[in-house]
Amino acid sequence: MKGLIYKDVLLCFKNMRALFLLNIVYLVCGVFGEAAQFFLLFTCVMIGVQPMSLQSLDESYGWPRFAAALPVTRAQVVSARYLVSIFYMVLNWGVCVLALLIGHSINGLPLQIGAFLSLAVPLSMSVPMLSLPILFRFGAQRGRLIYIVCISLVCGVMGAVGGVAGNLSNVPHIGLYWAPLIGAALYALSWQLSIWLYKRREL
Amino acid sequence: MNALEIRGLTRKFKDFTLGPLDLTLPGGCVLGLIGENGAGKTTLLRLILQMLKKDGGSVRVLGRDEKELDGIREDLGVVPDATGLPLSFNALEMDRMLAGIHKAWDEEKFFSLIKAFDLPEKKPFKDYSRGMRQKMCIAAALSHDPKLLLLDEPTGGLDPLARDQVMEMLEDYTRSEERSVLISSHIVSDLERLCDYVAFLHKGRLLLVEEKDRLQEELALFLGTAEELDALPKGAVQGVKHTPYGERALVRRDRMPEGAALSSVGVEEMFLLLTKEGEKR
């Protein structure tokens, strides 16, 4: 398991550099731009996409069969992906909060960390939560359609809360504070579903 | 203890059926699986490793049944058909990854194999040639002291020198009586050199599984005309190839008339002649 986590962390770091650079640009826009929260939330969506990219990458060089021959269970293969995704998401939330603090101190932007996280957490988790079970069951090739559906859904959600981009103080806080918990619960459910589905997949 | 016991193993696909197969690999032995492309060699290895679901039969690996396979994966060394190496990794990172996966990972052995194969440690695998990646897979499979090696075309893509090197390593590995190897290949000369047993797989069915030496004692090559071939006793001829110079037949020595001119036959020709016979049937 330790080896699988090492592999995913390193693989993500090596292959998603462009994504990380793009996120830095968005973070800078978040600090200095007018629609600060929109850019910061967008980094969360981008980070949420990386487990799916890793899955495609793995399959392109035959990793699933290689891993199936190693002394690791399929549940461990799935869990490593979910854990590493959480690691990068938490890292991104931390950086976003830092960006909010910097934006607040430099530009006097409103500081709404709680409201921001209540959107950022479920938003980051939504793409892996929806896509990973399908990718683990059907593989990256057939899962591409799901990718498009997920992105459309996420963009739809962002559009629906479009006002948020301007000012988070407009968001009904009480309802949204439940969102991270619901997101986390659904993420855990997706994790278990992926394990169940991957055990049934032929490699 | 048998390293591998396969009984009635079957898997059906739309246009291909593997089995039913019966195959035993005694502990401490090397079994070479010979078959043309698409014969089912890779499918068999995937069934053994439970990458595919079987439709029938049973597989016991190192004395354990299918349900216990996860518990003995540590004792298996596998070189899969597509190498599966993370292409952005290098040998140093591969070592760290596998050290976190195998309990018995032997870093010293891994790097000694890397050195023996002359593989660069810091070059990413994407810049390796196919043969280099294959060598890396072999080094990884040998570096945790597995009891059973499952090798799918391990010398495919290797030049003659590298093939010889791999064969030497495998010969060295099999010196211990506890270690067994199932190796599939269509480079029959490699298998001939290494194997105690050979299994011929043709169109999803096992034509024979036999000790290599016994096979060479039992079977022989008969060269003659079509008339001479027709005159041979029933059951003597196992396979025939028609050539412009006459008939080349694989025959059973014990069914041949005394004094018949026979010559010894190599494993490759045995396979070719047997599959020809299979097609005639």
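Some observations on this one:
- From B:GLU178, B:GLU211, B:GLU121, B:GLU168, residue being modelled with pLDDT of 90 or more, charged (D, E, K, R) and over 14 Å from the mean Cα position of the chain (by Cα): B:GLU121
- For the stretch A:14-24, the set of residues classified as open to solvent by less than 60 Å² (accessible area, probe 1.4 Å), part of a helix (DSSP H, G or I) and more than 10 Å from chain B (Cβ to nearest Cβ) consists of A:LEU19, A:PHE20, A:ASN23, listed by residue number.
- Answer residue from the stretch A:1-13, given it is part of a helix (DSSP H, G or I) and open to solvent by 50 Å² or more (accessible area, probe 1.4 Å) and is nearest to the other protein chains (Cβ to nearest Cβ) among those: A:LYS2
- Residue match in the stretch B:3-15 (condition: more than 14 Å from chain A (Cβ to nearest Cβ), buried (at least 21 other Cβ atoms within 10 Å of the Cβ), within 19 Å of B:LEU151 (Cβ to Cβ) and touching an Asp or Glu at 6+ places or on another chain (Cβ under 7 Å)): yes
Matching residues to (1) within 14 Å of B:LEU206 (Cβ to Cβ); (2) in contact with a Pro (Cβ under 7 Å, 6 or more places away or on another chain):
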| residue | (1), (2) |
| --- | --- |
| B:ARG7 | yes, no |
| B:LEU76 | no, yes |
| B:LEU85 | no, no |
| B:ASP95 | no, no |
| B:ILE114 | no, no |
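- Of the residues making up the stretch B:24-36, those that are buried (at least 16 other Cβ atoms within 10 Å of the Cβ) and closer than 22 Å to B:LEU273 by Cα are B:LEU31, B:GLY32, B:LEU33, B:ILE34, B:GLY35.
- Pairs meeting the criteria (first residue in the stretch A:6-27 and closer than 30 Å to B:ALA99 by Cβ, second residue among the hydrophobic types (A, V, I, L, M, F, W, C) and surrounded by fewer than 15 Cβ atoms within 10 Å (Cβ to Cβ), beta carbons under 9 Å, at least 6 apart or on different chains) are A:ASP8/A:PHE87; A:VAL9/A:PHE87; A:CYS12/A:PHE87; A:PHE20/A:PHE13.
- Failed criterion for B:LEU21 (all others in (1) over 20 Å from B:THR174 (Cβ atoms); (2) open to solvent by 20 Å² or more (accessible area, probe 1.4 Å) hold): (2)
- Test: residue in the stretch A:13-26 that is under 24 Å from A:ILE134 (Cα atoms) and touching a strand residue (DSSP E or B) at 6+ places or on another chain (Cβ under 7 Å): no
- If you go through the stretch B:130-141 and keep only what is in contact (Cβ under 8 Å) with a residue 24 or more places away in the chain and out of contact with any Gly (no Cβ under 7 Å at 6 or more places or on another chain), you end up with B:ARG133, B:LYS135, B:MET136, B:CYS137, B:ILE138, B:ALA139, B:ALA140.
- Each residue in the stretch B:145-180 was checked for being hydrophobic (A, V, I, L, M, F, W, C) and closer than 15 Å to B:PRO80 by Cβ, and 4 of them qualify.
- Subset of the stretch B:196-225 (residues that are over 16 Å from B:LYS41 (Cα atoms) and in a loop (DSSP other than H, G, I, E, B)): B:ASP196, B:THR225
- Some residue of the stretch B:37-52 being in contact with a Ser or Thr (Cβ under 6 Å, 6 or more places away or on another chain), over 14 Å from B:ALA140 (Cβ atoms) and either open to solvent by less than 30 Å² (accessible area, probe 1.4 Å) or not hydroxyl-bearing (Ser, Thr, Tyr) (or both): yes
For every residue, the table says whether it meets (1) touching a strand residue (DSSP E or B) at 6+ places or on another chain (Cβ under 7 Å); (2) open to solvent by 10 Å² or more (accessible area, probe 1.4 Å); (3) among the hydrophobic types (A, V, I, L, M, F, W, C); (4) at pLDDT below 85.
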{"position": "B:SER189", "(1), (2), (3), (4)": "no, yes, no, yes"}
{"position": "B:ALA199", "(1), (2), (3), (4)": "yes, no, yes, no"}
{"position": "B:LEU206", "(1), (2), (3), (4)": "yes, yes, yes, no"}
{"position": "B:THR243", "(1), (2), (3), (4)": "no, yes, no, yes"}
{"position": "B:VAL251", "(1), (2), (3), (4)": "yes, no, yes, no"}
{"position": "B:ASP254", "(1), (2), (3), (4)": "no, yes, no, no"}
{"position": "B:GLY259", "(1), (2), (3), (4)": "no, yes, no, yes"}
{"position": "B:MET270", "(1), (2), (3), (4)": "yes, no, yes, no"}
{"position": "B:LEU273", "(1), (2), (3), (4)": "yes, no, yes, no"}
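Residue by residue, here is whether (1) open to solvent by less than 30 Å² (accessible area, probe 1.4 Å); (2) within 14 Å of chain B (Cβ to nearest Cβ); (3) not in a helix (DSSP H, G or I) holds:
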{"position": "A:LEU27", "(1), (2), (3)": "yes, no, no"}
{"position": "A:GLY48", "(1), (2), (3)": "yes, no, no"}
{"position": "A:GLN55", "(1), (2), (3)": "yes, yes, no"}
{"position": "A:ARG65", "(1), (2), (3)": "no, yes, no"}
{"position": "A:VAL77", "(1), (2), (3)": "yes, yes, no"}
{"position": "A:VAL95", "(1), (2), (3)": "no, no, no"}
{"position": "A:ALA99", "(1), (2), (3)": "yes, no, no"}
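- Of all residues in the stretch B:57-76, none satisfies being part of a loop (DSSP other than H, G, I, E, B) and open to solvent by less than 10 Å² (accessible area, probe 1.4 Å).
- Among the criteria (1) assigned to a helix (DSSP H, G or I); (2) under 25 Å from B:GLU178 (Cα atoms); (3) at the interface with chain A (Cβ under 10 Å from one of its Cβ atoms); (4) more than 20 Å from the chain's Cα centre (by Cα), the one B:ALA141 does not fulfil is (4).
- Within the stretch B:93-122, residues that are within 14 Å of chain A (Cβ to nearest Cβ) have Cβ atoms under 7 Å from residues that are exposed (fewer than 15 other Cβ atoms within 10 Å of the Cβ) and of a type outside the set (A, V, I, L, M, F, W, C) in these pairs: B:ASP95/B:GLU107; B:ALA99/B:GLU107; B:GLY100/A:LYS2, counting only partners at least 6 apart in sequence or on another chain.
- Search result, residues across the stretch B:77-88 that are facing chain A (nearest Cβ under 7 Å) and either open to solvent by less than 10 Å² (accessible area, probe 1.4 Å) or under 21 Å from B:LEU148 (Cα atoms) (or both): B:VAL78, B:PRO80, B:ALA82, B:THR83, B:GLY84, B:LEU85, B:PRO86
The values are calculated or read from the model by the stated rules, or taken from the named source; none is laboratory data. Model, not experiment: these values are computed from the prediction. With ideal geometry, Cβ positions are generated from the backbone for all residues, glycine too; neighbour counts draw on all protein chains shown. To get the accessible areas, we keep the full protein, side chains included, count just its heavy atoms, and leave off ligands, DNA and RNA. Shrake-Rupley method; radii C 1.70, N 1.55, O 1.52, S 1.80 Å.
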